[in-house]
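So the structure is just underneath, and the comments pick up after that.
The values are calculated or read from the model by the stated rules, or taken from the named source; none is laboratory data. Computed from a predicted structure; not experimentally measured. Here the Cβ positions follow ideal geometry from the backbone for every residue, glycine too, while neighbour counts run over all protein chains shown. To get the accessible areas, we keep the full protein, side chains included, count just its heavy atoms, and leave off ligands, DNA and RNA. Shrake-Rupley method; radii C 1.70, N 1.55, O 1.52, S 1.80 Å.
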Amino acid sequence: MADANPFQDPQRFERRVPPCAVVIFGANGDLTKRKLVPSLYRLAIERRLPQGFAIVGTSRTPMSDEAFREKMEASVREHLENSHFDEAVWEEFARGLYYVAGDLASPELYTALTARLATVSEERQTGGNILFYLSTQPSQYATVARGLAGLAKGNGWRRLVVEKPFGHDDQSARELEVALHEYFTEDQLYRIDHYLGKETVQNILAFRFGNPIFEPLWNRQYIDHVQITAAESIGVEGRGAYYQEAGALRDMIQNHLLQVLSTVAMEPSAVFEPTAVRDERAKLLRSIRPLKPADVDAHAVAGQYGPAAIGGKDVPGFRGEPGVNPQAMTDTYAAVTFLVDNWRWAGVPFYVRSGKRMPKRVTDIAIRFRPVPHSLFANESARPNLLILRIQPEEGISLRFSSKQPGSGMNLRPVSMDFNYGTSFGMRTPTAYETLLVDAMAGDPTLYTRQDMVEASWAAVQPIVDAWGNRTGPDPFPNYAAGTWGPAASDEMLAARGHVWRVP
Ligand code: BG6
(Lines give C-alpha, C1' and ligand atoms only; values in the text may rest on other atoms or scores of the structure.)
Protein backbone atom coordinates (compact mmCIF):
# COMPACT_ATOMS: atom_id res chain seq x y z
CA MET A 1 0.00 0.00 0.00
CA ALA A 2 1.57 3.18 -1.17
CA ASP A 3 0.16 5.40 1.55
CA ALA A 4 0.62 3.05 4.53
CA ASN A 5 1.89 4.81 7.59
CA PRO A 6 5.31 3.27 8.31
CA PHE A 7 4.88 3.85 12.04
CA GLN A 8 1.69 1.86 12.15
CA ASP A 9 3.20 -1.16 10.47
CA PRO A 10 2.46 -4.06 12.86
CA GLN A 11 5.93 -5.48 12.22
CA ARG A 12 7.32 -2.54 14.03
CA PHE A 13 5.69 -3.64 17.25
CA GLU A 14 7.20 -7.10 17.16
CA ARG A 15 10.58 -6.32 18.48
CA ARG A 16 13.44 -8.28 16.96
CA VAL A 17 16.70 -8.00 18.80
CA PRO A 18 19.64 -7.93 16.41
CA PRO A 19 22.93 -9.68 17.26
CA CYS A 20 24.85 -7.54 19.73
CA ALA A 21 27.02 -7.37 22.84
CA VAL A 22 25.82 -5.59 25.98
CA VAL A 23 28.65 -4.03 27.96
CA ILE A 24 27.69 -3.27 31.55
CA PHE A 25 29.72 -0.72 33.49
CA GLY A 26 29.07 -1.32 37.18
CA ALA A 27 28.74 -5.09 36.75
CA ASN A 28 29.34 -5.70 40.42
CA GLY A 29 26.57 -3.30 41.43
CA ASP A 30 23.09 -3.79 42.71
CA LEU A 31 21.23 -2.92 39.52
CA THR A 32 23.18 -5.46 37.48
CA LYS A 33 22.42 -8.20 39.97
CA ARG A 34 18.80 -7.33 40.69
CA LYS A 35 17.57 -6.11 37.32
CA LEU A 36 19.87 -6.12 34.31
CA VAL A 37 21.18 -9.68 34.16
CA PRO A 38 17.96 -11.29 35.47
CA SER A 39 15.99 -9.35 32.82
CA LEU A 40 18.34 -10.43 30.03
CA TYR A 41 18.12 -14.02 31.26
CA ARG A 42 14.31 -13.88 31.24
CA LEU A 43 14.49 -12.67 27.64
CA ALA A 44 16.69 -15.68 26.90
CA ILE A 45 14.11 -17.99 28.46
CA GLU A 46 11.46 -16.47 26.26
CA ARG A 47 13.70 -16.92 23.22
CA ARG A 48 13.78 -13.22 22.56
CA LEU A 49 17.55 -12.92 22.34
CA PRO A 50 19.36 -13.63 19.08
CA GLN A 51 21.93 -16.38 18.61
CA GLY A 52 24.67 -13.79 18.39
CA PHE A 53 24.49 -12.33 21.86
CA ALA A 54 26.98 -11.62 24.63
CA ILE A 55 27.28 -9.67 27.86
CA VAL A 56 30.56 -8.17 28.96
CA GLY A 57 30.57 -7.04 32.57
CA THR A 58 33.12 -4.62 33.88
CA SER A 59 33.95 -3.22 37.29
CA ARG A 60 36.99 -2.69 39.46
CA THR A 61 36.91 -6.05 41.26
CA PRO A 62 39.26 -8.58 39.63
CA MET A 63 37.31 -11.65 38.58
CA SER A 64 37.55 -14.37 35.94
CA ASP A 65 34.78 -14.95 33.37
CA GLU A 66 33.94 -18.11 35.29
CA ALA A 67 33.65 -16.30 38.63
CA PHE A 68 31.44 -13.66 37.00
CA ARG A 69 29.19 -16.38 35.57
CA GLU A 70 28.83 -17.98 38.99
CA LYS A 71 28.06 -14.68 40.62
CA MET A 72 25.45 -13.86 38.01
CA GLU A 73 23.88 -17.29 38.34
CA ALA A 74 23.40 -16.72 42.07
CA SER A 75 21.84 -13.28 41.40
CA VAL A 76 19.55 -14.57 38.70
CA ARG A 77 18.34 -17.40 40.91
CA GLU A 78 17.65 -14.89 43.66
CA HIS A 79 15.92 -12.25 41.55
CA LEU A 80 13.96 -14.15 38.94
CA GLU A 81 10.55 -13.04 40.25
CA ASN A 82 7.85 -15.50 39.19
CA SER A 83 9.96 -17.15 36.51
CA HIS A 84 11.32 -20.64 36.63
CA PHE A 85 15.12 -21.13 36.46
CA ASP A 86 15.91 -23.21 33.41
CA GLU A 87 19.32 -24.93 33.68
CA ALA A 88 19.68 -25.56 29.95
CA VAL A 89 18.91 -21.94 29.03
CA TRP A 90 21.30 -20.78 31.72
CA GLU A 91 24.13 -22.94 30.34
CA GLU A 92 23.80 -21.36 26.93
CA PHE A 93 23.29 -17.86 28.34
CA ALA A 94 26.31 -18.18 30.65
CA ARG A 95 28.59 -19.11 27.76
CA GLY A 96 28.00 -15.59 26.45
CA LEU A 97 28.99 -13.89 29.73
CA TYR A 98 32.43 -12.30 29.93
CA TYR A 99 34.16 -10.05 32.37
CA VAL A 100 36.86 -7.38 32.18
CA ALA A 101 38.21 -5.77 35.35
CA GLY A 102 39.59 -2.25 35.48
CA ASP A 103 39.50 1.24 36.82
CA LEU A 104 37.01 3.44 34.98
CA ALA A 105 39.49 6.30 34.87
CA SER A 106 42.36 4.29 33.45
CA PRO A 107 42.95 3.98 29.68
CA GLU A 108 44.05 0.35 30.17
CA LEU A 109 40.47 -0.66 30.91
CA TYR A 110 39.28 0.61 27.53
CA THR A 111 42.22 -0.99 25.73
CA ALA A 112 41.41 -4.31 27.38
CA LEU A 113 37.74 -3.87 26.62
CA THR A 114 38.41 -3.13 22.96
CA ALA A 115 40.49 -6.27 22.61
CA ARG A 116 37.95 -8.39 24.43
CA LEU A 117 35.05 -7.03 22.39
CA ALA A 118 36.89 -7.93 19.20
CA THR A 119 37.23 -11.57 20.27
CA VAL A 120 33.70 -11.70 21.66
CA SER A 121 32.32 -10.33 18.40
CA GLU A 122 34.15 -13.10 16.58
CA GLU A 123 33.24 -15.88 19.01
CA ARG A 124 29.60 -14.95 19.45
CA GLN A 125 28.95 -13.41 16.05
CA THR A 126 27.57 -10.17 17.47
CA GLY A 127 28.17 -8.28 14.26
CA GLY A 128 30.12 -5.52 15.98
CA ASN A 129 26.93 -4.05 17.49
CA ILE A 130 27.41 -2.83 21.04
CA LEU A 131 25.04 -1.51 23.70
CA PHE A 132 27.02 0.15 26.50
CA TYR A 133 25.12 0.38 29.76
CA LEU A 134 26.18 2.95 32.34
CA SER A 135 25.25 1.71 35.77
CA THR A 136 28.15 3.16 37.74
CA GLN A 137 28.19 6.00 40.24
CA PRO A 138 26.72 8.96 38.31
CA SER A 139 29.87 10.97 39.05
CA GLN A 140 31.72 8.54 36.73
CA TYR A 141 29.47 8.93 33.69
CA ALA A 142 31.56 11.56 31.96
CA THR A 143 34.76 9.58 32.65
CA VAL A 144 33.33 6.45 31.04
CA ALA A 145 32.02 8.38 28.03
CA ARG A 146 35.52 9.78 27.53
CA GLY A 147 37.05 6.32 27.91
CA LEU A 148 34.70 5.03 25.23
CA ALA A 149 35.77 7.66 22.70
CA GLY A 150 37.48 5.01 20.54
CA LEU A 151 34.59 2.57 20.82
CA ALA A 152 31.74 5.00 20.22
CA LYS A 153 32.02 4.35 16.49
CA GLY A 154 32.92 1.22 14.58
CA ASN A 155 31.47 -1.61 12.57
CA GLY A 156 27.86 -2.04 13.56
CA TRP A 157 25.85 0.29 15.78
CA ARG A 158 27.00 1.69 19.12
CA ARG A 159 24.55 2.98 21.74
CA LEU A 160 24.92 4.20 25.29
CA VAL A 161 22.22 3.61 27.90
CA VAL A 162 22.51 6.04 30.80
CA GLU A 163 20.90 5.25 34.15
CA LYS A 164 19.27 7.97 36.19
CA PRO A 165 20.02 10.33 37.88
CA PHE A 166 20.80 12.69 35.01
CA GLY A 167 22.52 15.31 37.09
CA HIS A 168 21.96 16.48 40.63
CA ASP A 169 20.27 19.70 39.58
CA ASP A 170 19.49 21.60 36.40
CA GLN A 171 23.04 22.84 35.91
CA SER A 172 24.77 19.49 36.42
CA ALA A 173 22.23 17.88 34.07
CA ARG A 174 23.33 20.28 31.34
CA GLU A 175 27.00 19.65 32.11
CA LEU A 176 26.47 15.91 31.86
CA GLU A 177 24.78 16.42 28.53
CA VAL A 178 27.73 18.35 27.16
CA ALA A 179 30.15 15.66 28.42
CA LEU A 180 28.17 12.81 26.82
CA HIS A 181 27.74 14.66 23.55
CA GLU A 182 31.48 15.05 23.15
CA TYR A 183 31.65 11.36 22.24
CA PHE A 184 28.11 10.23 21.43
CA THR A 185 25.52 11.69 19.12
CA GLU A 186 21.97 12.20 20.33
CA ASP A 187 20.62 9.19 18.46
CA GLN A 188 23.16 6.97 20.26
CA LEU A 189 22.01 8.11 23.72
CA TYR A 190 19.33 6.20 25.61
CA ARG A 191 18.46 7.86 28.95
CA ILE A 192 16.55 5.29 30.90
CA ASP A 193 13.66 6.02 33.23
CA HIS A 194 12.35 2.57 34.04
CA TYR A 195 8.88 3.86 34.95
CA LEU A 196 8.26 4.53 31.27
CA GLY A 197 8.85 0.84 30.57
CA LYS A 198 6.32 -0.43 33.10
CA GLU A 199 3.42 -2.13 31.34
CA THR A 200 0.91 -0.26 33.46
CA VAL A 201 2.45 3.11 32.59
CA GLN A 202 2.49 2.25 28.89
CA ASN A 203 -1.11 1.19 29.25
CA ILE A 204 -2.07 4.73 30.22
CA LEU A 205 -1.44 5.69 26.60
CA ALA A 206 -3.47 2.72 25.36
CA PHE A 207 -6.27 3.59 27.75
CA ARG A 208 -6.35 7.24 26.81
CA PHE A 209 -5.76 7.05 23.10
CA GLY A 210 -7.29 3.68 22.29
CA ASN A 211 -10.66 4.34 23.90
CA PRO A 212 -12.67 7.26 22.61
CA ILE A 213 -15.02 7.33 25.62
CA PHE A 214 -12.50 8.69 28.13
CA GLU A 215 -10.61 11.28 26.17
CA PRO A 216 -13.51 13.77 25.88
CA LEU A 217 -13.59 13.88 29.70
CA TRP A 218 -9.85 14.20 30.07
CA ASN A 219 -9.61 17.90 30.79
CA ARG A 220 -10.31 20.71 33.24
CA GLN A 221 -14.01 20.69 32.55
CA TYR A 222 -14.50 17.23 33.99
CA ILE A 223 -11.43 16.52 36.09
CA ASP A 224 -11.19 18.16 39.48
CA HIS A 225 -7.69 17.03 40.38
CA VAL A 226 -5.18 14.21 40.00
CA GLN A 227 -3.21 12.39 42.72
CA ILE A 228 -0.09 10.43 41.88
CA THR A 229 1.29 8.30 44.70
CA ALA A 230 4.45 6.19 44.80
CA ALA A 231 4.77 4.78 48.29
CA GLU A 232 7.41 2.32 49.38
CA SER A 233 7.33 0.39 52.64
CA ILE A 234 11.07 -0.24 52.57
CA GLY A 235 13.63 2.19 53.98
CA VAL A 236 16.88 2.96 52.21
CA GLU A 237 18.11 -0.65 52.18
CA GLY A 238 21.84 -0.10 52.38
CA ARG A 239 21.73 2.81 49.92
CA GLY A 240 21.97 5.40 52.70
CA ALA A 241 25.05 7.11 51.30
CA TYR A 242 23.47 7.68 47.86
CA TYR A 243 20.04 8.42 49.19
CA GLN A 244 21.04 11.03 51.73
CA GLU A 245 22.39 13.17 48.86
CA ALA A 246 19.38 12.50 46.66
CA GLY A 247 16.17 12.43 48.70
CA ALA A 248 12.66 11.62 47.49
CA LEU A 249 12.18 14.71 45.33
CA ARG A 250 15.26 13.99 43.23
CA ASP A 251 15.10 10.20 43.45
CA MET A 252 11.47 9.72 42.43
CA ILE A 253 9.61 12.91 41.57
CA GLN A 254 12.05 14.73 39.28
CA ASN A 255 12.20 11.71 36.99
CA HIS A 256 9.77 8.78 37.45
CA LEU A 257 6.72 10.63 38.68
CA LEU A 258 7.01 13.59 36.35
CA GLN A 259 7.22 11.09 33.50
CA VAL A 260 4.06 9.46 34.82
CA LEU A 261 2.43 12.89 35.08
CA SER A 262 3.40 13.66 31.51
CA THR A 263 1.88 10.34 30.37
CA VAL A 264 -1.38 11.19 32.11
CA ALA A 265 -1.51 14.76 30.87
CA MET A 266 0.18 14.90 27.44
CA GLU A 267 -1.64 15.52 24.19
CA PRO A 268 -1.98 12.60 21.77
CA SER A 269 0.78 12.48 19.21
CA ALA A 270 -0.23 12.06 15.56
CA VAL A 271 1.71 8.79 15.28
CA PHE A 272 3.29 6.36 17.72
CA GLU A 273 6.79 7.21 16.73
CA PRO A 274 9.75 8.17 18.95
CA THR A 275 10.07 11.82 18.04
CA ALA A 276 6.34 12.51 17.97
CA VAL A 277 5.64 10.86 21.35
CA ARG A 278 8.61 12.45 23.03
CA ASP A 279 7.77 15.87 21.59
CA GLU A 280 4.37 15.67 23.30
CA ARG A 281 5.84 14.57 26.61
CA ALA A 282 8.42 17.34 26.45
CA LYS A 283 5.77 19.92 25.63
CA LEU A 284 3.74 18.88 28.63
CA LEU A 285 6.72 18.97 30.97
CA ARG A 286 7.53 22.44 29.74
CA SER A 287 3.98 23.54 30.59
CA ILE A 288 4.45 22.81 34.29
CA ARG A 289 4.41 26.10 36.12
CA PRO A 290 7.79 26.90 37.68
CA LEU A 291 7.32 27.91 41.30
CA LYS A 292 8.42 31.28 42.55
CA PRO A 293 10.61 30.98 45.67
CA ALA A 294 7.88 32.58 47.77
CA ASP A 295 5.38 29.93 46.62
CA VAL A 296 7.45 26.85 47.42
CA ASP A 297 6.13 26.35 50.96
CA ALA A 298 2.52 26.31 49.82
CA HIS A 299 3.23 23.85 46.99
CA ALA A 300 5.81 21.43 48.35
CA VAL A 301 6.26 19.49 51.57
CA ALA A 302 9.35 17.60 52.70
CA GLY A 303 9.26 14.79 55.23
CA GLN A 304 11.76 12.54 56.91
CA TYR A 305 10.84 9.43 58.85
CA GLY A 306 11.65 8.95 62.48
CA PRO A 307 11.95 5.68 64.39
CA ALA A 308 8.88 3.59 65.10
CA ALA A 309 7.76 0.10 65.93
CA ILE A 310 6.21 -1.54 62.87
CA GLY A 311 4.50 -4.87 63.36
CA GLY A 312 6.17 -5.26 66.73
CA LYS A 313 9.64 -4.58 65.27
CA ASP A 314 11.69 -1.51 66.04
CA VAL A 315 12.61 0.36 62.87
CA PRO A 316 15.27 3.10 63.00
CA GLY A 317 14.57 6.61 61.80
CA PHE A 318 16.33 7.73 58.62
CA ARG A 319 19.07 9.41 60.65
CA GLY A 320 19.74 6.11 62.39
CA GLU A 321 20.17 4.11 59.16
CA PRO A 322 23.66 2.78 58.36
CA GLY A 323 25.77 5.21 56.36
CA VAL A 324 23.49 8.16 57.07
CA ASN A 325 24.65 11.34 58.74
CA PRO A 326 22.76 11.68 62.06
CA GLN A 327 21.93 15.29 61.12
CA ALA A 328 20.96 14.55 57.52
CA MET A 329 18.39 16.99 56.09
CA THR A 330 17.28 14.54 53.41
CA ASP A 331 13.63 14.33 52.37
CA THR A 332 12.54 10.70 52.55
CA TYR A 333 9.07 11.94 51.64
CA ALA A 334 8.12 14.67 49.23
CA ALA A 335 4.75 15.94 48.10
CA VAL A 336 4.31 18.60 45.44
CA THR A 337 1.34 20.39 43.90
CA PHE A 338 2.11 20.85 40.22
CA LEU A 339 0.02 23.13 38.02
CA VAL A 340 0.03 22.67 34.28
CA ASP A 341 -0.38 25.91 32.39
CA ASN A 342 -2.17 24.92 29.21
CA TRP A 343 -5.74 24.95 27.90
CA ARG A 344 -6.48 21.37 28.86
CA TRP A 345 -5.32 21.59 32.46
CA ALA A 346 -5.51 25.21 33.62
CA GLY A 347 -6.45 25.23 37.31
CA VAL A 348 -6.31 21.43 37.83
CA PRO A 349 -3.86 20.52 40.59
CA PHE A 350 -1.67 17.46 40.10
CA TYR A 351 -0.69 16.29 43.57
CA VAL A 352 2.38 14.07 43.48
CA ARG A 353 3.85 12.30 46.52
CA SER A 354 6.49 9.70 47.17
CA GLY A 355 8.00 8.34 50.34
CA LYS A 356 10.03 5.61 51.95
CA ARG A 357 8.73 3.70 54.96
CA MET A 358 5.10 4.30 54.17
CA PRO A 359 2.46 1.84 55.41
CA LYS A 360 2.60 -0.16 52.19
CA ARG A 361 4.11 -0.38 48.74
CA VAL A 362 1.73 1.08 46.22
CA THR A 363 1.97 3.21 43.11
CA ASP A 364 -1.18 4.53 41.55
CA ILE A 365 -2.82 7.48 39.90
CA ALA A 366 -6.22 8.66 41.06
CA ILE A 367 -8.19 10.92 38.76
CA ARG A 368 -11.02 12.60 40.59
CA PHE A 369 -13.80 13.92 38.41
CA ARG A 370 -15.91 16.91 39.25
CA PRO A 371 -19.05 16.40 41.33
CA VAL A 372 -22.48 16.37 39.71
CA PRO A 373 -23.53 19.92 38.82
CA HIS A 374 -26.80 19.59 40.71
CA SER A 375 -27.67 16.92 43.21
CA LEU A 376 -31.04 15.24 42.81
CA PHE A 377 -30.71 13.18 45.89
CA ALA A 378 -31.46 14.83 49.16
CA ASN A 379 -28.80 13.02 51.14
CA GLU A 380 -25.97 14.21 48.86
CA SER A 381 -24.78 10.64 48.65
CA ALA A 382 -23.44 10.83 45.07
CA ARG A 383 -19.68 10.84 45.49
CA PRO A 384 -17.51 12.15 42.62
CA ASN A 385 -16.35 9.56 40.10
CA LEU A 386 -12.84 8.31 40.63
CA LEU A 387 -10.65 6.56 38.13
CA ILE A 388 -7.69 4.70 39.57
CA LEU A 389 -4.85 3.59 37.35
CA ARG A 390 -3.01 0.98 39.41
CA ILE A 391 0.65 0.78 38.51
CA GLN A 392 1.93 -1.65 41.18
CA PRO A 393 1.88 -4.05 42.96
CA GLU A 394 -1.71 -4.51 41.80
CA GLU A 395 -1.93 -3.84 38.09
CA GLY A 396 -5.20 -2.67 36.67
CA ILE A 397 -7.78 0.07 36.42
CA SER A 398 -10.83 0.77 38.58
CA LEU A 399 -13.65 3.19 37.98
CA ARG A 400 -15.73 4.24 40.94
CA PHE A 401 -19.28 5.38 40.40
CA SER A 402 -22.42 5.74 42.45
CA SER A 403 -25.11 3.13 42.46
CA LYS A 404 -28.50 2.87 44.08
CA GLN A 405 -28.47 0.78 47.18
CA PRO A 406 -31.11 -1.95 46.99
CA GLY A 407 -34.25 -1.22 48.98
CA SER A 408 -36.73 1.54 49.34
CA GLY A 409 -35.55 5.10 49.18
CA MET A 410 -32.91 6.54 46.89
CA ASN A 411 -29.67 5.97 48.68
CA LEU A 412 -26.49 5.91 46.67
CA ARG A 413 -23.31 4.04 47.41
CA PRO A 414 -19.97 4.01 45.60
CA VAL A 415 -19.22 0.79 43.70
CA SER A 416 -16.47 0.00 41.30
CA MET A 417 -15.75 -1.56 37.93
CA ASP A 418 -12.41 -3.27 37.91
CA PHE A 419 -9.96 -4.42 35.30
CA ASN A 420 -7.11 -6.57 36.50
CA TYR A 421 -4.18 -7.51 34.28
CA GLY A 422 -3.59 -10.91 35.82
CA THR A 423 -7.14 -12.14 35.41
CA SER A 424 -7.74 -10.52 32.02
CA PHE A 425 -4.57 -11.60 30.28
CA GLY A 426 -3.43 -14.53 32.41
CA MET A 427 0.20 -14.11 31.46
CA ARG A 428 3.33 -12.74 33.01
CA THR A 429 3.86 -9.08 32.18
CA PRO A 430 7.43 -8.26 31.18
CA THR A 431 9.30 -6.12 33.66
CA ALA A 432 10.23 -2.57 32.75
CA TYR A 433 13.90 -3.48 32.28
CA GLU A 434 13.06 -6.31 29.88
CA THR A 435 10.97 -3.98 27.74
CA LEU A 436 13.50 -1.18 27.77
CA LEU A 437 16.53 -3.37 27.10
CA VAL A 438 14.80 -4.88 24.09
CA ASP A 439 13.88 -1.40 22.85
CA ALA A 440 17.44 -0.14 23.17
CA MET A 441 18.87 -3.17 21.39
CA ALA A 442 16.22 -2.82 18.69
CA GLY A 443 16.97 0.91 18.38
CA ASP A 444 13.63 2.32 19.53
CA PRO A 445 13.96 5.26 21.93
CA THR A 446 10.20 5.97 22.30
CA LEU A 447 10.20 4.97 25.97
CA TYR A 448 13.49 6.66 26.78
CA THR A 449 13.72 10.22 27.96
CA ARG A 450 15.32 13.00 26.02
CA GLN A 451 17.51 15.83 27.22
CA ASP A 452 14.78 18.44 26.74
CA MET A 453 12.50 16.31 28.93
CA VAL A 454 15.22 15.96 31.56
CA GLU A 455 15.79 19.71 31.58
CA ALA A 456 12.08 20.51 31.71
CA SER A 457 11.68 18.17 34.71
CA TRP A 458 14.57 19.84 36.46
CA ALA A 459 13.04 23.24 35.78
CA ALA A 460 9.83 22.04 37.46
CA VAL A 461 11.54 20.96 40.68
CA GLN A 462 14.60 23.22 40.84
CA PRO A 463 12.92 26.01 42.85
CA ILE A 464 11.98 23.38 45.46
CA VAL A 465 15.48 21.87 45.47
CA ASP A 466 16.89 25.36 46.01
CA ALA A 467 14.45 26.29 48.78
CA TRP A 468 15.03 23.05 50.66
CA GLY A 469 18.79 23.30 50.22
CA ASN A 470 18.81 26.81 51.73
CA ARG A 471 16.56 26.10 54.68
CA THR A 472 17.07 28.15 57.80
CA GLY A 473 15.35 27.95 61.15
CA PRO A 474 14.79 25.01 63.49
CA ASP A 475 15.41 21.45 62.34
CA PRO A 476 12.07 20.24 60.88
CA PHE A 477 12.98 16.53 60.87
CA PRO A 478 11.93 13.86 61.62
CA ASN A 479 8.32 14.82 60.97
CA TYR A 480 6.61 11.50 60.33
CA ALA A 481 6.92 8.14 62.00
CA ALA A 482 8.12 5.19 59.93
CA GLY A 483 5.07 3.24 58.79
CA THR A 484 2.74 6.25 58.41
CA TRP A 485 1.50 8.27 55.44
CA GLY A 486 3.87 11.21 55.83
CA PRO A 487 3.85 14.56 57.59
CA ALA A 488 0.71 16.47 58.57
CA ALA A 489 1.89 19.40 56.43
CA SER A 490 1.21 17.29 53.36
CA ASP A 491 -2.46 16.91 54.34
CA GLU A 492 -2.61 20.63 55.03
CA MET A 493 -1.24 21.38 51.55
CA LEU A 494 -4.24 19.61 50.02
CA ALA A 495 -6.70 20.91 52.59
CA ALA A 496 -5.82 24.46 51.51
CA ARG A 497 -7.49 23.63 48.17
CA GLY A 498 -10.33 21.67 49.74
CA HIS A 499 -8.85 18.25 48.93
CA VAL A 500 -7.65 15.20 50.87
CA TRP A 501 -5.17 12.50 50.03
CA ARG A 502 -6.80 9.25 49.15
CA VAL A 503 -5.68 6.28 51.22
CA PRO A 504 -4.46 3.90 48.50
C1 BG6 B 1 14.64 3.93 41.76
C2 BG6 B 1 14.93 4.69 43.02
O3 BG6 B 1 14.88 4.72 40.63
O4 BG6 B 1 13.28 3.51 41.77
C5 BG6 B 1 14.65 3.84 44.23
O6 BG6 B 1 16.29 5.11 43.02
C7 BG6 B 1 13.24 3.31 44.19
O8 BG6 B 1 14.86 4.57 45.44
C9 BG6 B 1 12.95 2.65 42.85
O10 BG6 B 1 13.10 2.36 45.24
C11 BG6 B 1 11.50 2.30 42.73
O12 BG6 B 1 11.30 1.51 41.60
P13 BG6 B 1 10.10 0.48 41.53
O14 BG6 B 1 10.14 -0.04 40.14
O15 BG6 B 1 10.37 -0.56 42.57
O16 BG6 B 1 8.87 1.26 41.84
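Per residue, how many Å² of accessible area does region 35-131 show with a 1.4 Å probe?
In whole numbers, region 35-131 has 48 Å² accessible per residue.
Can you work out the accessible area per residue across region 144-290, with the rest of the protein chains kept in place, probe 1.4 Å, in square angstrom?
38 Å²
List the aspartates and glutamates whose Cα lies under 14 Å from the Cα of K313, skipping any in the same chain that are fewer than 8 positions away.
Within the straight-line limit of under 14 Å, K313 reaches no aspartates and glutamates at all.
Bins of 10 Å, beginning at zero and ending with the bin holding the largest distance: percent of Cα pairs per bin for the chain, please.
Pairs per bin, as whole percents: 4, 17, 27, 26, 17, 6, 2, 0, 0.
Mind checking which aspartates and glutamates have their C-alpha under 16 Å from K164, skipping anything on the same chain fewer than 8 residues away?
D30, E175, E177, D193, E245, D251, D452, E455
With every protein chain left in place, what is the accessible area of K164 in Å² (1.4 Å probe, nearest 10)?
30 Å²
For region 427-504, what is the Kirkwood estimate of the hydrodynamic radius, computed as the reciprocal of the mean inverse distance between distinct Cα atoms, to one decimal in Å?
One over the average 1/r among Cα pairs gives 17.2 Å for region 427-504.
With Cβ to Cβ distances under 12 Å as the rule, what net charge do the other residues near A366 carry (K, R +1; D, E -1)?
Working: positive: R353, R368, R390, R400, R502; negative: D224, D364.
My count for the surroundings of A366 gives +3.
Kindly provide the helix-only [θ] at 222 nm of the chain, computed as the sum of -39,500 (n - 2.57) over DSSP H runs of four or more divided by all residues, to the nearest 500 deg cm²/dmol? Provide the component values of the computation, followed by the final result.
On the way: 15 runs with 158 residues, N = 504.
So the calculated ellipticity at 222 nm is -9500 deg cm²/dmol.
With +1 on the Cβ of every Lys and Arg and -1 on the Cβ of every Asp and Glu, and nothing else charged, how large is the dipole of region 170-228 about its Cα centre, in debye rounded to the nearest 20? Provide the component values of the computation, followed by the final result.
Numbers: 5 positive and 10 negative charges, 74 e Å.
In total the dipole reaches around 360 debye.
Can you work out the accessible area per residue across region 400-504, with the rest of the protein chains kept in place, probe 1.4 Å, in square angstrom? Let's see the in-between values first.
Values: 4950 Å² over 105 residues.
On a per-residue basis, 47 Å².
Calculate the length of the line joining the C-alpha centroid of region 262-329 to that of region 428-487, in whole Å.
Centre-to-centre (Cα) distance: 5 Å.
Where both residues lie in the chain, what percent of DSSP beta bridges are antiparallel, nearest 5?
60 percent
Over the chain, what percent of the accessible surface lies on carbon and sulfur atoms, probe 1.4 Å?
Values: 12000 of 22610 Å².
Whole-percent figure for carbon plus sulfur exposure: 53.
If you average the alpha carbon positions of region 144-161 and of region 104-125, how far apart do those two centres end up, in angstrom?
Using only Cα atoms to place each centre, the spacing works out to 12 Å.
Set Lys and Arg Cβ to +1 and Asp and Glu Cβ to -1, take the dipole of the chain about its Cα centre, and tell me which of H225, G486, T429 lies farthest positive.
Result: H225.
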